[in-house]
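Take a look at the structure set out below.
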Amino acid sequence: MFKVKQLDKLVKAGIITAEQQKQILSFDDSSGGFVMRALNLLGIFTIGVGVISLVASNWEYIGDNLKLIVMFALLFGAAGMAVSNKLKGQDNRAEKWLVVLFLFVGAAIGLVIQIYQLSGNIMHLLFALWWAATLPLLFAAKKKYVAWFWVPLFLVWYAMYAFDYKTFGLEKFLVVYAALYAGGWLLSKYKPDFVVGEVLRRDACFAFYLVLAGYILWLNSLHLTISALILLLTSGVYHYFKDYGKVRLNIKFAGLWVFSLYIYLGGKIGLFSTGIGLIISGVLLIALVKGVVKWSKLIKKEEKKNA
Amino acid sequence: MLKKYGYVGLVFLPVMIMLVWMTEIAHQRNQGREVVVRLRGYDPWDLLSGHYISYWLDWDNTDCTQFEGGLCPKLAFGGAGRFYVPENKAQALDKAVRDTNNTAEIVFSYKEGFKPYALRLLVNGESWERAVDKN
């Protein structure tokens, strides 16, 4: 909408101040709505993937040194563009270049692994170095774009780490994801400018419940006991902070828990091998569904009352 | 001003980390001396995976006198590894390496106490590219 050069002339003429110029550019930059921004981001992502695949498909014709030079030219170029746009007050463009830089770093790690024939746990190395090297970008970013990529990368890396180093245990996943969720929650509450907090809170919560579902369905008495405690404890915390959406989510998981307990006990006492047992099972299932719906409605009522 | 430099520092830090990491690898590779280790036990389901081949090191047929004390440092090398090749040449290399009449070896850069780095893959003593082109 507004040209930088025209605004420069207005600043020189003393019609607007340099601060106002920045504000106008920032306003101009942020306009366009969610769909346009999402499409823009998708475009950048596609270009990044395109560059990576172009280099990958032609890599045998390019010498190793040239590959590394091109790689660093792309890295410095993306970082330079982010800084240049930021200094011009075009924050939105700068944020997109940060995403490009994030993707280029991942591609660059892959390239170094191939050129130097690195062996061992390559995927672990790639993910670990990727999130560690791009961590500073989270502090530079003012929008969530980089965090949308960085946080899932970090959560997946942790899952890989836990599997690779034989420290696998779903309890550990639950503890780590719960801690990350709490960290994200604290950041979004007390440091709202640090946008990674909100993304971390949402993604860690998703990862936590994903693991919890698997944990509940493990059909094991210890898992059922621990998951019941988790659901009770978290429900109490959510209720205290009036996070009714999460309480309703816990009610659904309580339904899953009862279902899992029922399958577990049914298998133990042979409930599914007799006609009467099957009838009781059917009645219990219907009661379970009705119970979850009713409970959710009660919470909704309380939510409206407190609103 | 400090804010501006802080932003520049944060944005360029990932690039610097990459530069330091790559330089460190290149430096370590140059520090070691070349040793040749035979390959064996190719897993038919895993050997060829797109643009790399997976290998197992054959210590029984490797000349251990090239290492200090005449002992092969099996632990330092690990049992298995990957060697990256262009995708369109991978199949031909796979065939050449599988051929029991051929001898496949990897030249590593090795220094005691450091991670070994694969430098070249040899088939019958010559570079794998030449061996593949011959077939």
Candidates A:Leu229, A:Leu212, A:Leu284 - the one that is assigned to a helix (DSSP H, G or I), within 21 Å of A:Ala178 (Cβ to Cβ) and either open to solvent by 70 Å² or more (accessible area, probe 1.4 Å) or among the acidic types (Asp, Glu) (or both):
A:Leu229
Cβ-Cβ distance below 6 Å, separation of 6 or more or different chains: which pairs start in the stretch B:102-129 with a residue that is more than 13 Å from chain A (Cβ to nearest Cβ) and end on one that is surrounded by 15 or more Cβ atoms within 10 Å (Cβ to Cβ) and acidic (Asp, Glu)?
B:Leu122/B:Glu105
Got a number for residues in the stretch A:116-145 being more than 11 Å from every other protein chain (Cβ to nearest Cβ) and buried (at least 20 other Cβ atoms within 10 Å of the Cβ)?
2
Kindly evaluate A:Lys144 against the criterion of being basic (Lys, Arg) and more than 17 Å from the chain's Cα centre (by Cα).
no
Could you check the stretch B:22-38 and list, in sequence order, the residues that are within 7 Å of chain A (Cβ to nearest Cβ) and either out of contact with any Phe, Trp or Tyr (no Cβ under 6 Å at 6 or more places or on another chain) or not in a helix (DSSP H, G or I) (or both)?
B:Met22
Can you say whether A:Asp203 is in contact (Cβ under 8 Å) with a residue 12 or more places away in the chain and either open to solvent by 60 Å² or more (accessible area, probe 1.4 Å) or under 30 Å from A:Trp148 (Cβ atoms) (or both), as far as the supplied structure shows?
yes
Answer yes or no: is there a residue in the stretch A:75-95 that is out of contact with any Lys or Arg (no Cβ under 8 Å at 6 or more places or on another chain), under 26 Å from B:Glu87 (Cα atoms) and within 11 Å of chain B (Cβ to nearest Cβ).
yes
Matching residues, the stretch A:101-115, being under 29 Å from A:Val211 (Cα atoms) and either of a type in the set (A, V, I, L, M, F, W, C) or open to solvent by 40 Å² or more (accessible area, probe 1.4 Å) (or both):
A:Phe102, A:Leu103
Give the residues of the stretch B:73-117 that are open to solvent by less than 40 Å² (accessible area, probe 1.4 Å) and closer than 15 Å to B:Arg33 by Cβ, sorted by residue number.
B:Pro73, B:Phe77, B:Ile106, B:Val107, B:Phe108, B:Ser109, B:Tyr110, B:Pro116, B:Tyr117
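The values are calculated or read from the model by the stated rules, or taken from the named source; none is laboratory data. As the structure is a computational prediction, the values presented were derived from the model and not from experiment. Here Cβ is always computed from backbone atoms with ideal geometry, including for glycine, and neighbour counts include all displayed protein chains. In case anyone asks, the SASA skips ligands and DNA or RNA and just uses the protein heavy atoms, side chains included. Shrake-Rupley method; radii C 1.70, N 1.55, O 1.52, S 1.80 Å.
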